[in-house]
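The structure appears below as C-alpha cells.
Laboratory data are not the source of any read-out in this text; all were calculated from the coordinates shown. Here the structure is a predicted model, which means the values were calculated and not measured. Reconstructed Cβ throughout: ideal geometry from the backbone, glycine too, with neighbour counts over all protein chains shown.
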Amino acid sequence: MAYDFDYFVIGAGSGGVRSARIAASLGAKVGIAEATHFGGTCVNVGCIPKKIFSYAADYGTDMMEAGNYGWTSSPKFNWKTLKQNKDNEIARLSNIYREILNINKVSVYEGYAVFKDEHTIQIGNKEITAERILIAVGGKPQKPDVKGAEFAKTSDDMFALDELPKNIIILGAGYIALEFAHILHGIGCDITIVHRGDFLLKGFDIDLQDHLLEEMKKQGIKFVMNKQVAEITENSVICDDGEIISADLVMAATGRVPMTSGLELDKAGVEIDDRGHIITSTEHVTSKDHIYAVGDVTNSPQLTPVAIAQGHALADTLFNAKVRYTNFDLIPTAVFSKPEIGTVGLTEQQAVKKGIAHIVYKSTFRPLRHTITGLQSKVLIKLVVCANTDKVLGIHMAGSGAGELIQMAGIALNAGVTKANFDSTMPVHPTTAEEFIFLHAGATPHPPETLAKRG
C-alpha cells in the first residue's frame, strides 16, 4: 500500500518536533499535526515561561536584599510588563519551532488529529495515511475532583492572568506548586499552600523535602498540611473538617494527565493504562508495532529533555538503522523554587528500598552572601555513597544555582564518580559548590521507618 507519509507525528511539542526533524533529515517523508501552539507545553505554558517568571521573582528578592551591600532603591513590580515581555518571547520561540519544520521540509497541518484506523489520521476534513505514526501530544493540568473545581486556575491559566491577585491559595506540594509559590511570592503575592500530605515533593530526597519546607516558611509562605479539600469556591477552599481558607484566587497544582482522550486511539488499537497513558515498550512502541509514543503522553518521566531524547532516539532507530534507547537511570532534575533544588541519582529513601549499604554525607550552612544580607537562609548539600564501592549514588542540593550545578553533577555521576574523586578535587574558593569537596564525615542516616513513609 502507498502511504501519504513515511512518518507522521501528532503533536508539535519538544519530542514531536525533534523526532520529525531528525526523521526528515534522514530522508523520510514526514508530516506533523498541531492543534494549538507550536513548541508544546514547555515553550508555551511550561519550562520557558515558568523560568522567565522565576527570574522576575529572583530580581525582586535580590533588590530587597541589596541594602546591606550599599544599594538603595524602591522597586515597583508591573505584572503587565512581565506578561507582555513573556508573551513576546514565547511567540518568538514558537515561531522558531515552525521554522525548524519548514527548513527540514516537514509538511505541517494545523488542526486536531484523530485516528480513523491504524494507518489513517483525520485532521478536520482531510484524511492522511502514514506507514508509521508517532503520538507526542503531551499532557495537561488536572484539577482535583471536588465540588467547585471549575473555580480553580491551573498553571496554564496563571501565565495568562490579566490582573495579579494579592492573596493566592495553591493546592498541592509538587514541583509545579512550589515553583509557582516562589514566583508569586517573589512578585508580591501572599501565598498559602494547602496540601493533603505532611511533606513536600514526593519522590525527592527526604532532606530536600524537609529543607525546602523550612526555608519557604522563613520567607513567609504559609503551609496548611494534612488537609483534604472538600470544595472550592471563587475565593476560598473548604476543607473536609469545615475549615475555610480565603483568598482572591485558588490555583490547583494537583498533577497532570495525558491528552489521550480525544485521539480515538481505540480505532487504531492503541492501548492505554488506567490513567490514560499510552503503554509503550523501551523502544517507544505501542500495542501496534508501527505506532509509537514519546513524552508526557506515556508513563515516562515528565521532563522536556526526556521527550526530546526519546523522539531523537526513535527517529534514529527507524530511519538511520541505529537502534538507540533512552536511559532513565540518571536524570538531573531542577526545581526552580527558592531555594532552588538540583538532584540526580538515588535518594536516601531509594537506597534503603533497594537494600544498598550506603553512607550519607551532608552539610547545611549559611552561604557567604547572607552573612551580609542578614538573612538566615541556608544551603543544603548531600551525597549518597555506596558503602562497598565508594561510588556516588546520588547528589542533592538546595541553594542558589543548584539547577546549573546539578547538570555537571549528572555528568560526573554518569561517568561513575566516587567519593574519593570528590575528596581529591581541588575546591574553588569562595563558592558554595566547594562544600561538596569538604564532606568528610558521614551523617547520621534517617531511621528506616521514617524513610519508608516518604515518597
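General observations
- Neighbours of GLU348, meaning other residues whose beta-carbon lies under 12 angstrom from its beta-carbon, give a summed charge of +2 when Lys and Arg score +1 and Asp and Glu score -1.
- Highest average first, the peptides 69-82, 121-134, 421-434 ordered by how many other beta carbon atoms sit within 10 Å of their residues are 121-134, 421-434, 69-82.
- Of the peptides 317-323, 254-260, 11-17, 379-385, the order by per-residue mean of other Cβ atoms within 10 Å, starting with the highest, comes out as 11-17, 379-385, 254-260, 317-323.
- Comparing ILE411, PRO448, GLY401 along the charge dipole axis of segment 400-454, the residue lying farthest to the positive side is PRO448, per the Cβ-charge model.
- Degrees between helix 14-25 axis and first principal axis of the chain (Cα, 0 to 90, nearest 10): 50 degrees
- Surrounding net charge for THR120, when Lys and Arg each add one and Asp and Glu each subtract one, Cβ distance under 12 Å: -3
- Built from the Cα atoms of segment 308-375, the convex hull projects on average onto 8.0 nm², one quarter of its surface area.
- Going from the fewest other Cβ atoms within 10 Å to the most, the residues ARG454, ARG324, ARG18, ARG366 appear in the order ARG366, ARG324, ARG454, ARG18.
- Those Cys residues of the chain for which no other cysteine Cβ falls under 4.7 Å: CYS189, CYS239, CYS386
- Residues of segment 352-370 with amide N under 12 Å of the 7 Å Cα→Cβ point at GLU214: 363-366
- Residues of segment 7-48 with amide N under 11 Å of the 7 Å Cα→Cβ point at TYR112: 35-36
- With θ taken as phi - 60° and the Karplus curve 6.51 cos²θ - 1.76 cosθ + 1.60 applied, the whole-hertz 3J(HN,Hα) list for segment 206-223 is 4, 6, 5, 4, 6, 5, 5, 4, 5, 5, 5, 5, 4, 6, x, 6, 8, 10 Hz, x standing for glycine and proline.
- Taking LEU265, LEU178 and counting other C-beta atoms within 10 Å, the order from fewest to most: LEU265, LEU178
- Each principal axis of the Cα cloud of the chain was evaluated for its coordinate range; sorted largest first, these ranges are 71, 55, 46 Å.
- The lysines whose alpha-carbon is closer than 29 Å to the alpha-carbon of LYS116, local same-chain residues fewer than 8 away aside, are LYS29, LYS105, LYS126, LYS140, LYS267, LYS288.
- Here the calculated FRET efficiency for ASN167 and ASN226, from their Cβ-Cβ distance with R0 = 22 Å, stands at 0.50, rounded to the nearest 0.05.
- Cubic angstrom per residue, convex hull over Cα atoms of segment 333-452: 112 Å³
- Check: the chain dipole with +1 on Lys, Arg Cβ and -1 on Asp, Glu Cβ, in debye: 740 debye
- Enclosing the Cα atoms of segment 99-163 in their convex hull gives a volume equal to 181 cubic angstrom per residue.
- Crossing angle, helix 175-186 versus the chain [Cα axis fit, 0-90 degrees, rounded to tens]: 60 degrees
- Relative to the longest principal axis of the Cα atoms of the chain, the long axis of helix 304-319 makes an angle of roughly 30 degrees.
- Net charge, ILE183 excluded, C-beta distance under 13 Å - Lys, Arg +1, Asp, Glu -1: +2
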